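S.K.: After the structure tokens below, expect a handful of questions from me.
The values are calculated or read from the model by the stated rules, or taken from the named source; none is laboratory data. Predicted, not measured: the structure shown is a model, and the values here were computed from it. Here the Cβ positions follow ideal geometry from the backbone for every residue, glycine too, while neighbour counts run over all protein chains shown. For accessibility, only protein heavy atoms count, side chains too; no ligands or nucleic acids. Shrake-Rupley method; radii C 1.70, N 1.55, O 1.52, S 1.80 Å.
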Amino acid sequence: MSAGSATPAARIAHLKREIEQHNYHYYVLDQPTIADAEWDRLFHELKALEEAHPEFATPDSPTQRVGARPLDEFAEVTHRVPMLSLGNAFSDEDLVHFDRRCREGLEAAGDIEYACEPKYDGLAISLTYERGVFVQGATRGDGAVGEDVTHNLRTVKTIPLSIDSDAARLEVRGEVLMLKRDFEALNARQAEKGDKLFVNPRNAAAGSLRQLDPRLTAQRPLSFFAYGLGAVEGIALPETHAAQMDWLEALRFPVSRERGVARGTEGLRGYYAALGTKRPALPYDIDGVVYKVNRIADQQRLGYVSRAPRFAIAHKFPAEEATTELLGIDVQVGRTGAITPVARLKPVFVGGTTMSNATLHNEDEIRRKGLMIGDTVVVRRAGDVIPEVAAVIEAQRPAGAQAFVMPTHCPECGSAIVKLDGEAIARCTGGLICPAQVKQSILHFAQRRAMDIEGLGDKLVEQLVDQKVVRNAADLYRLGVSALAALERMGDKSAANLIDAIAKSRETTLQRFLFGLGIRHVGEATARDLARHFGALDAIINAPLERLLEVRDVGPVVAESIRRFFDEPHNREAVAQLRAGGITWPEGEPAAASLQGPFTGKTVVLTGTLPTLSRDDAKALLEAAGAKVSGSVSKKTDFVLAGAEAGSKLDKAKELGIRVLDEAEFRSMLGTARTE
Ligand code: 9MJ
């Protein structure tokens, strides 16, 4: 139908359908079908038509999702069919008990078939459709009476405002929640505005749903997933829960993609384990799985106990969040002296294990979260996320709560703690005299991805350093069995094993060695790129900034850090000691093929004294740049690098017309080399 030929009523009806269809593809299926600008155009056309013809404006129009007026209070809604809660299963025993009760109730001979779905961690709601039009949405309330939040639910883009069903009445039940990514974005916006952060997606969703002003709700990205039906009049329904969910999906309700069907306890266990594995990657928080006897007739036979169905149960996952008390804030000293405040918590069971401390990252983070010692805090351990203090419950702050004060001196070595301007991290200035830094750097050096010294763990390093058997990584290569055997809990056999593991680590690669040195900003990948690019350690040690910058993914910060590390005499000494301890690796050629610069493949002769570069340094730089350094000038010489008091070589170069460079020109040419 074209815009020109249709009556306004027909065009409005067409636009309503089309926009809702695009919304469905965009919000529910995550597969947009038109460009945003085109959607905007359709939306504005509809809005203009409705304004010109208010008699055709209806509450199920997509224009009605936003902008309804604030309410004074929520009206009460009595649910025609009560909204039930679910019983919980926390253990395998509870699960077996549930299944047995169902089998007995149904006098079933074999395994029962269950519909399985995620248990969303949101808010239960009921949506009422009359002859295909969304007319009312209500919260669960106490199960019998809830609150009318129709205006707010209209703003939820995944809730259809009209559906292709002429049932006199259809109540769809499900959960309103906030997707994890929407929650992160909302909190980022809150932080930018200096507003309070939400503790978790559930709280954010609850707060948003209970706004009296729908215009506020409209700014909060809520989602909806259907998982059941309430009162239904005027149509026949599919006979299993799974088929009903398929039917709801066909009506364009968002239904879990993770839903499934399983038989018997074995099937349920399999579903539980599989969803548990997927849990961290799901776009929303879940706190368990729900099993429902699949056949609706069987559900009805089993019936209810008080306000929960006998035919369904929620099998809970270990909680990812808990509240506990912040007993204190300690600081830990890392390998580079970084001071990390760590929350000392009253031990609490969360995410399947007991949590008694959590990193607080840095001082700013403590301020941002508004933490005070003595506070009640929400702690979180989710998937592979580092356990964290998610939020503070300010309302429960005790009278004696104390602010955290960053210590001025290192608790391990007493050196000053400083925080450079613009850096979030405070650092201990003790360097090598700080036992904490020494221990961490040895552990870093020995780890599997670096020198791979098997069996050298934190307890052992702690003892070795505290008892002054080892002061640095190089000392490891001088250890004898007798020194080790003197340590606590160290038998002759373990001592011999460790010596063996240390000996084995001597043969390594340049990449592992470089990574093990613990240069700030040089992780495994950078170590690999440096090793490939330069081929030899001395070329890296002597490389000026501009050469380091030629390495893939090495920017000014990383290059500067490498340069600063090797400019420090004690670091050069440490490297020399390690090599003296017998550590070796195959040295390769620089990756000349990938490096194209003015010295690639050229022959260069050095003569005289350069203003700042030693002969060795200049040679290393040239070699790293792909040049061959030769001792005598001939027709094959491409450049002569000449300093003060250059003698006969310079004369010969001039005679042969070879280009002569001074140090400044040399450096500027090095700066033009590029990796291809
Ligand atoms: C949640 N919260 O995800 C039910 N639920 O069924 C699912 N809750 C439920 N089903 C009957 N998936 C009562 C409650």
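S.K.: Accessible area per residue of segment 595-675 at 1.4 Å probe, in Å²?
M.R.: Details: 4160 Å² over 81 residues.
That works out to 51 Å² for each residue.
S.K.: Could you calculate the FRET efficiency of E45 with R189 from 1/(1 + (r/R0)^6), where r is the beta carbon distance between them and R0 is 30 Å, rounded to 0.05? Numbers along the way, then the final one.
M.R.: Values: r = 30 Å, r/R0 = 1.00.
Using R0 = 30 Å, I get an efficiency of 0.50.
S.K.: Further, regarding this structure: Extending each Cα 7 Å along its Cβ direction at E73 and V342, get the distance between those two points in nm, one decimal.
M.R.: Those two pseudo-labels are separated by 5.2 nm.
S.K.: Further question: Report the calculated FRET efficiency for L420 and Q447 (r = Cβ-Cβ distance, R0 = 25 Å), to the nearest 0.05. Intermediate results must be reported in sequence, preceding the final value.
M.R.: Details: r = 27 Å, r/R0 = 1.10.
The formula returns an efficiency of 0.35 here.
S.K.: Continuing with the same structure: So what J values fall out for segment 27-43 if you push phi through Karplus, 6.51 cos²θ - 1.76 cosθ + 1.60 with θ = phi - 60°, rounded to Hz, Gly and Pro as x?
M.R.: In residue order, the calculated couplings are 8, 8, 8, 6, 10, x, 10, 9, 6, 4, 5, 5, 4, 4, 5, 4, 4 Hz.
S.K.: Within the accessible area of the chain, what % is carbon and sulfur when the probe is 1.4 Å and the other protein chains stay in place?
M.R.: 50
S.K.: Quick one: go through segment 83-115 and flag any residue whose amide nitrogen is under 20 Å from the point 7 Å out along the Cα-to-Cβ line of A274.
M.R.: Answer for segment 83-115: 92, 95-96, 99, 111-115.
S.K.: Checking the a/c ratio against 1.5 first, then a/b against b/c, what shape does the Cα gyration tensor give for segment 3-127? Walk me through the intermediate numbers first.
M.R.: On the way: a/c = 3.18, a/b = 2.32, b/c = 1.37.
Prolate, since a/c reaches 1.5 and a/b exceeds b/c.
S.K.: Within 10 Å, count the other beta carbons around each residue, average over each peptide in 357-366, 484-493, and list them highest first. Spell out each step's value before the answer.
M.R.: On the way: 357-366: 18.1, 484-493: 13.0.
Ranked by mean Cβ neighbours within 10 Å, highest first: 357-366, 484-493.
S.K.: Let me know the shape class of segment 87-316, please: from the alpha-carbon gyration tensor, a ≥ b ≥ c as square roots of the eigenvalues, rounded when a/c is under 1.5, otherwise prolate if a/b is greater than b/c, or oblate. Before the final figure, lay out the partial values.
M.R.: Details: a/c = 2.13, a/b = 1.37, b/c = 1.55.
Oblate, because a/c is 1.5 or more while a/b does not exceed b/c.
S.K.: Considering only DSSP beta bridges whose two residues both sit in the chain, what percent are antiparallel, to the nearest 5? Write out the running numbers ahead of the final one.
M.R.: Working: 76 of 92 bridges.
Roughly 85 percent of the beta bridges in the chain run antiparallel, per DSSP.
S.K.: For segment 472-542, what's the relative contact order in percent, using C-alpha pairs closer than 8 Å and at least 6 residues apart?
M.R.: Values: 34 pairs, mean separation 14.8, N = 71.
About 21 percent, as a whole number.
S.K.: Tell me whether the chain comes out rounded, prolate or oblate; compute the Cα gyration tensor, take square roots of the eigenvalues as a ≥ b ≥ c, and use a/c under 1.5 as the rounded threshold.
M.R.: Values: a/c = 2.63, a/b = 1.82, b/c = 1.44.
Note, shape of the chain comes out prolate.
S.K.: Taking all pairs of distinct Cα atoms, average 1/r, flip it, and tell me the Kirkwood hydrodynamic radius of segment 75-184 in Å to one decimal place.
M.R.: Numbers: mean 1/r = 0.0606 Å⁻¹.
Final number for the Kirkwood radius of segment 75-184 is 16.5 Å.
S.K.: What length, rounded to one decimal in nm, is gained on full extension from T33 through to E507, with 0.36 nm per residue of separation minus their alpha-carbon distance? Mind dumping the intermediate values first?
M.R.: Values: separation 474, 0.36 × 474 = 170.64 nm, distance 5.81 nm.
Full-extension gain reported as 164.8 nm.
S.K.: Between S85 and A281, what length in nm is gained on full extension when 0.36 nm per residue of separation is reduced by their alpha carbon distance? Can you show the working numbers first?
M.R.: Values: separation 196, 0.36 × 196 = 70.56 nm, distance 2.65 nm.
That works out to 67.9 nm of additional length.
S.K.: Please list, by residue number, every one of the trypsin sites (Lys or Arg not before Pro) in segment 138-235 that is coil in DSSP and has at most 12 other beta-carbon atoms within 10 Å.
M.R.: Values: sites: R140, R154, K157, R169, R173, K180, R181, R189, K193, K196, R202, R210, R215; in loops: R140, K157, K196, R210.
Hits after loop and neighbour filter: K196.
S.K.: Note down the nm distance, to one decimal, between modelled labels 7 Å out along Cα→Cβ at E107 and at D616.
M.R.: 9.5
S.K.: For Q136, enumerate residues with amide H under 5 Å from its amide H, sequence gap 5+ or separate chain, H modeled in the peptide plane.
M.R.: Here the answer is T128, since their amide H atoms fall under 5 Å of that of Q136.
S.K.: Out of all DSSP beta bridges with both ends in segment 595-675, state the antiparallel percent to the nearest 5. Don't jump to the answer; show the numbers that get you there.
M.R.: Details: 3 of 13 bridges.
Restricted to segment 595-675, the bridges split so that about 25 percent are antiparallel.
S.K.: Continuing with the same structure: Provide the per-residue ³J(HN,Hα) series for segment 237-245, in order, calculated from phi with Karplus coefficients 6.51, -1.76, 1.60 and θ = phi - 60°, each as a whole number of Hz, with x at glycine and proline positions.
M.R.: 10, x, 8, 10, 4, 4, 5, 5, 5
S.K.: A further question follows. Show me the trypsin sites (Lys or Arg not before Pro) within segment 286-325 that DSSP assigns to loop and that have at most 16 other Cβ atoms within 10 Å of their Cβ. List each step's numbers first, then the result.
M.R.: Working: sites: K292, R295, R301, R307, R310, K316; in loops: R307, R310.
Listed in order of number, the matching sites are R307.
S.K.: Gap in Å between the Cα centre of segment 579-645 and the Cα centre of segment 340-413?
M.R.: 54
S.K.: Could you tell me how many degrees, from 0 to 90 and to the nearest 10, lie between the Cα long axis of helix 556-567 and the main elongation axis, the longest principal axis, of the Cα atoms of the chain?
M.R.: 40
S.K.: How much length is gained if the chain between D166 and V660 is pulled fully straight, taking 0.36 nm per residue apart and subtracting their Cα-Cα distance, in nm to one decimal?
M.R.: Details: separation 494, 0.36 × 494 = 177.84 nm, distance 9.13 nm.
Taking 0.36 nm per residue and subtracting the Cα distance, the gain is 168.7 nm.
S.K.: Averaged per residue, what accessible surface does segment 8-57 expose to a 1.4 Å probe, in Å²?
M.R.: Accessible surface, normalised per residue, equals 58 Å².
S.K.: With every protein chain kept in place and ligands, DNA and RNA left out, what is the accessible area per residue of segment 307-392? Probe 1.4 Å, answer in Å².
M.R.: On the way: 3560 Å² over 86 residues.
Ligands and nucleic acids excluded, the result is 41 Å² per residue.
S.K.: So what's the angle, to the nearest 10 degrees on a 0 to 90 scale, between helix 180-193 and the longest Cα principal axis of the chain?
M.R.: Between helix and principal axis, roughly 70 degrees.
S.K.: Using the Karplus curve 6.51 cos²θ - 1.76 cosθ + 1.60 with θ = phi - 60°, work out ³J(HN,Hα) for each residue of segment 288-295 in order, rounded to whole Hz, and write x for Gly and Pro.
M.R.: In residue order, the calculated couplings are x, 10, 10, 10, 10, 3, 6, 6 Hz.
S.K.: Out of segment 383-439, which GluC sites (Glu not before Pro) are coil in DSSP terms and have no more than 12 other C-beta atoms within 10 Å?
M.R.: The qualifying sites are E423.
S.K.: Shifting gears a bit: Counting DSSP beta bridges with both partners in segment 87-316, what percentage is antiparallel, nearest 5? Before the final figure, lay out the partial values.
M.R.: On the way: 42 of 46 bridges.
Bridges in segment 87-316 that DSSP calls antiparallel: roughly 90 percent.
S.K.: Can you give me the long-range amide H partners of H409? Hydrogens built in the peptide plane at 1.01 Å from N, cutoff under 5 Å, separation of 5 or more residues or another chain.
M.R.: Here the answer is I417, since their amide H atoms fall under 5 Å of that of H409.
S.K.: Sum -39500 (n - 2.57) across every DSSP H segment of at least 4 residues in the chain, then divide by the residue count to get the 222 nm mean residue ellipticity, nearest 500. Let's see the in-between values first.
M.R.: Details: 25 runs with 242 residues, N = 676.
The helix-only estimate for the chain comes to -10500 deg cm²/dmol at 222 nm.
S.K.: Another question, then. With r defined as the distance between the Cβ atoms of V135 and Q300 and R0 fixed at 25 Å, what FRET efficiency is calculated, to the nearest 0.05? Don't jump to the answer; show the numbers that get you there.
M.R.: Values: r = 27 Å, r/R0 = 1.08.
Calculated transfer efficiency: 0.40.
S.K.: At what distance in nm do the modelled label points of S648 and H409 sit from each other, each positioned 7 Å from its Cα along Cα→Cβ?
M.R.: Computed distance between label sites S648 and H409 equals 6.5 nm.
S.K.: Using only alpha carbon pairs under 8 Å that are at least six residues apart, calculate the relative contact order of segment 87-316 and give it in whole percent.
M.R.: Taking the mean separation of contacting Cα pairs over the length of segment 87-316, I get 31 percent.
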